[in-house]
Amino acid sequence: MAVTGKIGEATGPLLVLLDTAYNQASWHADLRLLDAMHRHLRAAVAATPPRELNTRLPGGTVTRLRLITGAAAHDLYHAGQIQLLKKFHSRRRAGR
């Protein structure tokens, strides 16, 4: 995996391609990718010393803390979308 180290120190590009033929195997591959990215993010956050949380990323304008909280907020946004889709899907199946 290309992502290692603490926040702001990715060691290589991360490229995810979506194929157009989506199937059960693709779904499971995406779940594995999501799990792997989550583990890498948690490891990067854990490896970031607290004294560096309020430092700006090299060449950037945001702090590591802003990047971490932004990623968490982004994940929560999508979690809310998923819950809405599940709710709408269950209503549709129930004929409402």
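We did not get these values from a lab; they are worked out from the coordinates using the rules stated. Not measured: the values here are computed from a predicted model. We place every Cβ from the backbone using ideal geometry, glycine too, and count neighbours over all the protein chains shown.
Pairwise alpha-carbon distances in segment 24-94 exceed 19 Å for 54% of all pairs.
A simple spin-label model places the labels of GLN24 and ALA94 2.8 nm from each other, with each point 7 Å out along Cα-to-Cβ. Coupling constants for segment 82-92 follow from the phi torsions by the Karplus curve (6.51 cos²θ - 1.76 cosθ + 1.60, θ = phi - 60°), and in residue order they are 4, 5, 5, 4, 4, 5, 5, 5, 5, 5, 5 Hz; glycine and proline get x. The distance between label points at THR55 and ALA71 comes to 1.7 nm (points 7 Å beyond Cα on the Cα→Cβ vector). Extension gain, LEU31 to LYS87: 0.36 nm times the residue separation minus the Cα-Cα distance gives 18.1 nm.
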